[in-house]
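One structure is given here, and the rest of the page talks about it.
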Amino acid sequence: MTYEFILSEKKGRVGLITLNRPKQMNALNAKVMQEMAAALYAFDADEGVGCILITGNDKAFAAGADIAAMKDYSYMDAYKSDYITRDWEHLRKIRKPVIAAVAGYALGGGCELTMMCDLAIAAENAKFGQPEINLGIMPGSGGTQRLPRFTSKAIAMDLCLTARMLDAQEALRAGLVSRVVPVDTLMEQALAMAEKIAGYSLPVVMMIKESINRAYETSLAEGVLFERRVFHSQFALEDQKEGMAAFVEKRKPTFKHR
Ligand code: CAA
């Protein structure tokens, strides 16, 4: 399938989505989000894909929601069209891991998109921020909720109330990204990370994602109980038998993703 504002391709067992509106710094309009959703659902349904990677270009991962597209919205336009919820929340339904590979600006909705992914790897030139306050609005795609959970209340307040940007090293220290790499190696390293994940047993990978995400949505006791039940269920997997047999027999496991 060909898209107008994204590129979608398979690299081995990795589904790669590249935001492709470079002249607008990959500003996120409805079409971009609808195309991204279509590509995400296609990769999620594809047995040959084990991990999904979302990236932009060297200058911008995404500079936020498309300001030109929304500047004349009325309250009724936003409310009736369920702006953000309708086109942006699909990412939350994807069951395979989604990695954000961020170079350049990840601002507003771009920073929020990063946080909706399961993990993020940043290039040294990455800049993260929630500058919506400059526009007379607040973050509207989960920024006020995910930033304090992922970083801290103080950092969330700082970014949202002053529009300050975090550079890549600050984002690493704050817990927003898990790795920082040189710009020219970002894709190589992000793909290597995605390929590694995609090489493991797919049901186990999906269960780990589901369990870690539980940590954000429930109490510790409930989360641990959820983890324990999912862990017990893994003894029904062929891949558990293969993985442990391979360890005992001192060979590499061959996972069948079931
Ligand atoms: N929406 C629409 N167009 C955008 C855009 C956005 N979010 N960000 C950049 N662009 C466009 C610019 O209008 C410009 O277009 P023209 O060439 O036609 O003039 C082009 O991309 C290049 O941008 P700049 O000339 O501004 O490039 P720069 O290098 O000087 O600055 C930047 C880069 C710091 C990212 C700056 O463009 C900027 O501040 N962008 C807006 C960032 C922002 O406020 N994001 C939040 C959006 S609101 C939101 O996301 C709400 C939400 O929570 C969902």
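Computed values, structure above
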{"read-out": "Residue ID - farthest from the ligand (Cβ to nearest atom), chosen from residues in the stretch 125-135 that are assigned to a helix (DSSP H, G or I) and either in contact with a His (Cβ under 8 Å, 6 or more places away or on another chain) or hydrophobic (A, V, I, L, M, F, W, C) (or both)", "value": "I133"}
{"read-out": "Within the stretch 160-223, helices (runs of 4 or more DSSP H) holding 2 or more residues that are modelled with pLDDT of 95 or more, among the charged types (D, E, K, R) and surrounded by fewer than 15 Cβ atoms within 10 Å (Cβ to Cβ)", "value": "186-199"}
{"read-out": "Selection status of A106, within 14 Å of the ligand (Cβ to nearest atom), of a type in the set (G, A, S), out of contact with any Gly (no Cβ under 7 Å at 6 or more places or on another chain) and within 18 Å of A163 (Cβ to Cβ)", "value": "yes"}
{"read-out": "Subset of the stretch 1-58 (residues that are touching a His at 6+ places or on another chain (Cβ under 9 Å), surrounded by fewer than 23 Cβ atoms within 10 Å (Cβ to Cβ) and part of a loop (DSSP other than H, G, I, E, B))", "value": "E47"}
{"read-out": "Neighbours by Cβ (under 7 Å, 6+ apart or cross-chain): first from the stretch 23-37, at negative phi; second of a type in the set (K, R)", "value": "A27/R21; V32/R21"}
{"read-out": "Some residue of the stretch 136-159 being within 13 Å of the ligand (Cβ to nearest atom), within 30 Å of K196 (Cβ to Cβ) and part of a loop (DSSP other than H, G, I, E, B)", "value": "yes"}
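Okay, residues lined up against (1) of a type in the set (A, V, I, L, M, F, W, C); (2) in contact with a helix residue (DSSP H, G or I) (Cβ under 7 Å, 6 or more places away or on another chain); (3) more than 22 Å from R146 (Cα to Cα):
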| site | (1), (2), (3) |
| --- | --- |
| I212 | yes, no, no |
| A215 | yes, yes, no |
| G223 | no, yes, no |
| R228 | no, no, yes |
| S233 | no, no, yes |
| E238 | no, no, yes |
| K241 | no, no, yes |
| A246 | yes, no, yes |
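The values are calculated or read from the model by the stated rules, or taken from the named source; none is laboratory data. Worth saying up front: this structure is predicted, and the values here are computed from it rather than measured. Virtual Cβ from ideal backbone geometry, glycine too; neighbours counted across all protein chains shown.
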